[in-house]
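As structure tokens, the structure follows; a few thoughts come after it.
The values are calculated or read from the model by the stated rules, or taken from the named source; none is laboratory data. What you are looking at is a predicted structure, and each value in this text was computed from that prediction instead of being measured. Here the Cβ positions follow ideal geometry from the backbone for every residue, glycine too, while neighbour counts run over all protein chains shown. We work out accessible area using only protein heavy atoms, side chains counted, and drop any ligands, DNA or RNA first. Shrake-Rupley method; radii C 1.70, N 1.55, O 1.52, S 1.80 Å.
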Amino acid sequence: ASYVEGRVPFGYRAVKADGIPVRVPEPTEQATIARMKQLREDGYSLAKVAETLTAEGRKPRAGDRWYEKQIARVLGRAAIAS
């Protein structure tokens, strides 16, 4: 999938292949997404997921702690992508 412009979603980074930007999975961020899904499956609220990820030292791209809206956005995108 070629990547045009804008921010690359959490879990990916853009690299150039033959001069064309493409999205590739970013392993650390992919692991964080997997952890989010696991916590949600375990019945955690979005607030508790955010608190847990922050406590585990998993960082969002910007800032040093997670918020409910970020979790909801990342999980919403992950659901669409899968």
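Taken over segment 40-64, the residue count meeting the criterion of being surrounded by 13 or more Cβ atoms within 10 Å (Cβ to Cβ) and either in contact with a helix residue (DSSP H, G or I) (Cβ under 8 Å, 6 or more places away or on another chain) or modelled with pLDDT under 95 (or both) is 11. For segment 57-69, the tally of residues that are under 10 Å from Met36 (Cβ atoms) and either touching a residue at least 24 places away in the same chain (Cβ under 8 Å) or among the acidic types (Asp, Glu) (or both) stands at 1.
Here's the yes/no breakdown for (1) outside any loop (DSSP other than H, G, I, E, B); (2) more than 24 Å from Gly6 (Cβ to Cβ):
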residue: Arg23; (1), (2): yes, no
residue: Ile33; (1), (2): yes, no
residue: Gln38; (1), (2): yes, yes
residue: Thr54; (1), (2): yes, yes
residue: Lys59; (1), (2): no, no
residue: Gly63; (1), (2): no, no
residue: Ile71; (1), (2): yes, no
residue: Ala78; (1), (2): yes, no
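If you go through segment 24-42 and keep only what is under 14 Å from Ile71 (Cα atoms) and not charged (D, E, K, R), you end up with Gln30, Ala31, Thr32, Ile33, Ala34, Met36, Gln38, Leu39. Show the residue pairs meeting these rules: Cβ distance below 8 Å; 6+ apart or different chains; first residue within segment 5-33 and open to solvent by less than 40 Å² (accessible area, probe 1.4 Å); second residue hydroxyl-bearing (Ser, Thr, Tyr) and not in a strand (DSSP E or B). From segment 5-33, the pairs are Phe10/Thr32; Gly11/Thr32; Pro21/Tyr3; Val22/Tyr3.
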